Amino acid sequence: MIQPTGRALIFRLGETGFFLDLAWVVEICEQFAECFDSGRTDLERRIVGALFFRQTYIPVIDPALHLNIQSQLAATDKTALILRGGEGNWALLVDRVVEISPVARLRPCELPSLLKKTVGSYYSQVSLLKNEPMIGFEPEQYYGSTPGVT
């Protein structure tokens with residue numbers, strides 16, 4: 001069961017900022033090209049490859065593809081966040097990790113109703129960090145199921 005930590009990992013996809021409760025994160029892999037297999041895709045499940053991590057292959061998801069966010073980086077030049085999931089660990093590709101921040105520094109703001117209709121189910125939280133909007137990353141919207149988040 002994942003217990004919120006009170007700390008958030010701040011990362012970017014393109015120019016867009018996101019935050020994720022640190023409890024989801026197992027490890028941050030900045031260099032993983034030698035362990036990445038792009039031949040193990042399953043686009044129906046949003047899997048862009050597999051990463052050999054701790055003696056097993058885990059699925060790799062690139063959320064920028066689903067959010068239509070432009071990135072100048074090739075998949076193997078991105079950072080892989082290894083996340084916990086109901087089906088086991090999986091990797092999330094991000095352009096870069098910015099910082100780890102206390103959740104208290106994030107000021108929640110209301111998502112406008114018009115925006116709620118256009119973003120679908122990919123996110124429902126927006127907070128301000130240093131007056132910049134940050135999107136609450138919801139891992140279960142991208143892969144697997146929620147492993148007992150409370």
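None of the figures in this text is laboratory data; all of them are computed from the coordinates on show. Not measured: the values here are computed from a predicted model. When we count neighbours, we look across all protein chains shown, and the Cβ atoms used for this are built from the backbone with ideal geometry, even at glycine.
What the table below lists for this structure:
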{"read-out": "Rg in Å to one decimal, and Dmax rounded to a whole Å, for segment 7-141 via C-alpha atoms", "value": "14.8, 45"}
{"read-out": "Gain in span if fully extended, residue 128 to residue 140, counting 0.36 nm per residue against the direct Cα distance", "value": "2.1 nm"}
{"read-out": "Only Lys, Arg (+1) and Asp, Glu (-1) charged, at Cβ; segment 7-141 dipole about Cα centre in debye", "value": "360"}
{"read-out": "Trypsin sites (Lys or Arg not before Pro) within segment 17-86, DSSP loop, no more than 10 other Cβ atoms inside 10 Å", "value": "54"}
{"read-out": "For the chain, built as a Gaussian network whose Cα springs stay under 10 Å, the top-fluctuating residue of 93, 43, 13", "value": "43"}
{"read-out": "Sparse-neighbour loop sites [GluC sites (Glu not before Pro); segment 1-77; at most 14 other C-beta within 10 Å; DSSP]", "value": "15, 30"}
{"read-out": "Rough spin-label spacing in nm, given labels placed 7 Å along Cα→Cβ, for residue 5 and residue 27", "value": "1.5"}
{"read-out": "Antiparallel bridges, percent of DSSP beta bridges restricted to segment 7-141 (to nearest 5)", "value": "90"}
{"read-out": "Net charge contributed by nearby residues that have their C-beta within less than 11 Å of residue 31 (K/R +1, D/E -1)", "value": "-2"}
{"read-out": "Selected from 69, 61, 47 as most flexible by GNM, with the chain as the system and alpha-carbon contacts under 10 Å", "value": "69"}
